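Values in this text are rule-based calculations from the coordinates and carry no lab data. Quick caveat: nothing in here was measured; it's all calculated off a predicted structure. No Cβ is skipped: glycine too gets one built from the backbone with ideal geometry, and neighbour counts run over all protein chains shown.
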């Protein structure tokens, strides 16, 4: 399990209307190497509004259609729920993700 990996999760939250949702791990790598049972993830939605907190992704990342990572809607998920591996973000997309997370938390450059 590594930062930047995408996983399809069944019924991730009670408020999510989808049967499955893809998530990207955004937790720091050191957290995943501990006994801590959860990781922070960003959901992937089919909508993209061009916000600084969104990262467009596509089939190159293992998806079936264009989507975007939404960094304004982070959730903590159990590591045990992350079993259906989809793909991994490229280094360029990881840079975009880092910038979107900075925007989401209003962290200056």
Quick one, which of (i) 35, 15, 12; (ii) 29, 20, 11; (iii) 19, 17, 14 is the actual semi-axes √(5λ) of the Cα gyration tensor in Å calculated for this model? (iii)
Sort the following peptides by mean Cβ neighbour count (other Cβ atoms within 10 Å, averaged over residues), highest first: 93-99, 1-7. 1-7, 93-99
From the helices alone, meaning DSSP H stretches of at least four residues, give me the mean residue ellipticity at 222 nm for the chain, per-run term -39500 (n - 2.57), in deg cm²/dmol to the nearest 500. -4500 deg cm²/dmol
For a Förster distance of 30 Å, can you work out the FRET efficiency between the beta-carbons of residue 38 and residue 66, rounded to the nearest 0.05? 0.55
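Quote to one decimal, in nm, the extra length available between residue 80 and residue 105 on full extension: 0.36 nm per residue of separation minus the C-alpha distance between them. Display every interim value, and only then the final one.
Values: separation 25, 0.36 × 25 = 9.00 nm, distance 2.69 nm.
Between residue 80 and residue 105, full extension yields 6.3 nm more.
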On the formula 1/(1 + (r/R0)^6), with r taken between the Cβ atoms of residue 92 and residue 10 and R0 of 41 Å, the FRET efficiency rounded to 0.05 is 0.85
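Quick one: which of 78-86, 39-47 comes out on top by average Cβ neighbours within 10 Å, and what's the full order, highest first? Write out the running numbers ahead of the final one.
Working: 78-86: 13.4, 39-47: 19.1.
Averaged packing, sorted descending, gives the order 39-47, 78-86.
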